[in-house]
Amino acid sequence: MSILTNVAVFLCSLAAMELVAWGAHKYIMHGWGWGWHRSHHAPRRGWFEKNDLFAVVFAGLAIALIFLGSRGWHPLEWVGAGMTAYGLLYFVAHDGLVHHRWPLRYVPRTGYLKRLYQAHRMHHAVDGREGCVSFGFLWAPPVERLKTELRRIHGGPIRRPGAGASGERD
């Protein structure tokens, strides 16, 4: 296969993973996989949470694809590489930027990273698995659209237990 084809497969796989992750988040993690994902919507105790098992599953799939591709099932190795790159971006943006699971405690104040940060915080504004918005990890809908959607779903502003006057809590 040509290098151009390999790069195209890699980039398409990387982009497609946002759609796969959105669907997995909405229908698996907030569906029958809630037993693992619940830990991500609760205060974290320690370095790991049960939700991290989803990363292990996705990593296992990527490893299997890379292995199969390296054994002649081309271009599966590039699909697996795209999945792996998405996992790295997820780790940096979601685990690092949004949830501060590594030492950098940067909170973006402007631009797309701020929108990504706010969109995921709005996903966590709801207690439980029902009535959430913003299931993507690297693509964030406009914040005003998410606020409107939350108000529509919940019949007004979200008020979480323990929240202050603004309805937010750390």
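At a glance:
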read-out	value
Residues of the stretch 64-92 that turn out to be in a helix (DSSP H, G or I) and either among the β-branched types (V, I, T) or surrounded by fewer than 18 Cβ atoms within 10 Å (Cβ to Cβ) (or both), as a count	13
Residue identified as at pLDDT below 95, in contact with a Gly (Cβ under 7 Å, 6 or more places away or on another chain) and hydrophobic (A, V, I, L, M, F, W, C) among W102, W47	W102
Tally of residues being surrounded by 13 or more Cβ atoms within 10 Å (Cβ to Cβ) and small (G, A, S) across the stretch 34-60	3
Scope the stretch 98-145; condition loosely packed, with under 14 Cβ neighbours inside 10 Å, at positive phi and part of a loop (DSSP other than H, G, I, E, B); matching residues	H100, G128
The listed residue being assigned to a loop (DSSP other than H, G, I, E, B) and more than 21 Å from W102 (Cα to Cα), out of M1, M17, M29	M1
Some residue of the stretch 48-59 being in a loop (DSSP other than H, G, I, E, B) and over 17 Å from the mean Cα position of the chain (by Cα)	no
Hey, S2 at negative phi and surrounded by fewer than 14 Cβ atoms within 10 Å (Cβ to Cβ) or not	yes
Selection from the stretch 100-129 of residues that are free of Cβ contacts under 8 Å to residues at least 12 places away in the same chain and either of a type in the set (G, A, S) or closer than 15 Å to H37 by Cβ (or both)	G111
Total residues in the stretch 18-47, condition of a type in the set (D, E, K, R) and over 15 Å from the mean Cα position of the chain (by Cα)	2
Pick from the stretch 146-159, criterion in a loop (DSSP other than H, G, I, E, B) and touching a helix residue (DSSP H, G or I) at 6+ places or on another chain (Cβ under 7 Å), ranking: farthest from W34 (Cα to Cα)	P157
Failed criterion for V20 (all others in (1) farther than 22 Å from V79 by Cβ; (2) surrounded by fewer than 17 Cβ atoms within 10 Å (Cβ to Cβ) hold)	(1)
So R105, is it among the charged types (D, E, K, R) and closer than 18 Å to R44 by Cβ	yes
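The values are calculated or read from the model by the stated rules, or taken from the named source; none is laboratory data. This structure is a prediction, so every number in the text was calculated from the model and none was measured. Cβ sites come from the backbone with ideal geometry, for glycine too, and all protein chains shown count toward neighbours.
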